[in-house]
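Accompanying notes for the structure given below.
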Amino acid sequence: MSVATLAASVASPRKATAAALSNGILIVIALCFLLPLAWLILASLDPDASYRTQIPANPSFANYAAVLTPGLTFLPLWNSLLLSGGAAVATVVAAVLAAYPLSRYTMRFNKPFMYAILFGTCLPITAIMVPVYSLFVRLNLIDSMPASILFMAATSLPMAIWMTKNFMDSVPISLEEAAWVDGASAMTALRRVVVPLMRPGLGVVFIFVFIQAWGNFFVPFVLLLSPSKQPAAVSIYSFFGQYGAIAYGQLAAFSVLYSVPVILLYALVSRGMGASFTLSGAIKG
């Protein structure tokens, strides 16, 4: 194909129309996210905020001052950090241990097991909460923070295993073989060779599980009864009063503060993850 023909095909009206259509769709999607975010920021600075998006006449930080109290914000955020962080750590550790044999060994039940895990990701949490609640009552685990953390980790584990296995598959097994030659055991090679090389992938899994647990309302609402143990996802209901009265300004300010830890975690982890795995030339021939 000549240069002129190639340039004509690239600049064809059909491709220009498709590009304009795709850009228009992206703009519409961006507006769908930006408009609620604009209301969130503006309402948090408006003492007379309502459900409408409007520029505050007298901007102030009164809403933030009203919600920045130990019982209203700090304790619920701390509970959210305990639940989300504990669930993320437990899930990542279990996912690494489960993904290692699935990635490194070929067994006849690998594929059925992976399909069973995939089926587990399709189960809605509401479908299993009734038997889970009954089990927690029988075992006297209701209102237990550690038990809730383990259950939230278990609900995220199927997808975490899938993701971790895919990341682990990209680590060459020749690196482990080199460690075995030096006398390392399988677990030592996993801890000192495989896991350090797949830190970017583990960071992705950690963020995925953390965000999923951070926004989880249903599980802590059912399993945690004490107000002192409720996370921020549940305590946000305190801004919805009776008979439809809603403190919009305080709700917006609390929502902004509620999103800050997740943004900081994403920024912190993404800086240490790197762009991708760089394993070429990791061993000498």
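General remarks:
- Rg/Rh for region 181-232, where both radii come from Cα atoms and Rh is the Kirkwood radius: 1.30
- Rg and Dmax of region 65-182, Cα atoms only, in Å: 18.9, 63
- C-alpha center-to-center spacing [region 55-110, region 205-244] in angstrom: 11
- Excluding ligands, DNA and RNA, the accessible surface per residue across region 127-197 is 53 Å² with a 1.4 Å probe.
- Contact order for the chain, expressed relative to its length and based on alpha carbon pairs under 8 Å spaced 6+ residues apart, stands at 29 percent.
- Spin-label model, Asn110 to Asn58: label points 7 Å out along the Cα-to-beta-carbon direction sit 6.9 nm apart.
- Rounded percent of accessible protein surface that carbon and sulfur make up, region 69-281, 1.4 Å probe: 69
- The charge dipole of the chain, taken about the Cα centre with unit charges on the Cβ atoms of Lys, Arg (+1) and Asp, Glu (-1), comes to about 600 debye, rounded to the nearest 20.
- Asp182 - accessible surface, heavy atoms, 1.4 Å probe, Å² rounded to 10: 130
- Under the combined filter of DSSP loop state and at most 13 neighbouring Cβ atoms within 10 Å, region 152-202 retains none of its trypsin sites (Lys or Arg not before Pro).
- The phi-based Karplus calculation (6.51 cos²θ - 1.76 cosθ + 1.60; θ = phi - 60°) puts the 3J(HN,Hα) values of region 126-143 at 5, 6, 10, 6, 5, x, 5, 4, 5, 5, 5, 5, 5, 8, 6, 10, 5, 6 Hz, whole numbers, x for Gly and Pro.
- Distant-in-sequence amide H partners of Ile246 (H built 1.01 Å from N, under 5 Å): Gly241
- Listed peptides 261-267, 230-236 by packing density, highest first (mean Cβ within 10 Å): 230-236, 261-267
- In order through region 46-52: 3J(HN,Hα) via Karplus (6.51 cos²θ - 1.76 cosθ + 1.60), integer Hz, x for Gly, Pro: 10, x, 10, 5, 10, 6, 8
- With 10 Å bins beginning at zero, the pair-distance distribution over Cα atoms of region 1-132 amounts to 9, 14, 18, 21, 22, 13, 3, 0 %.
The values are calculated or read from the model by the stated rules, or taken from the named source; none is laboratory data. Being a predicted model, the structure only gives us computed values, none of them experimental. Positions of Cβ are generated from backbone atoms using ideal geometry, with glycine treated the same way; all protein chains shown enter the neighbour counts. Ligands, DNA and RNA are stripped out before the accessible areas are found, and what is left, the full protein with its side chains, is counted by its heavy atoms. Shrake-Rupley method; radii C 1.70, N 1.55, O 1.52, S 1.80 Å.
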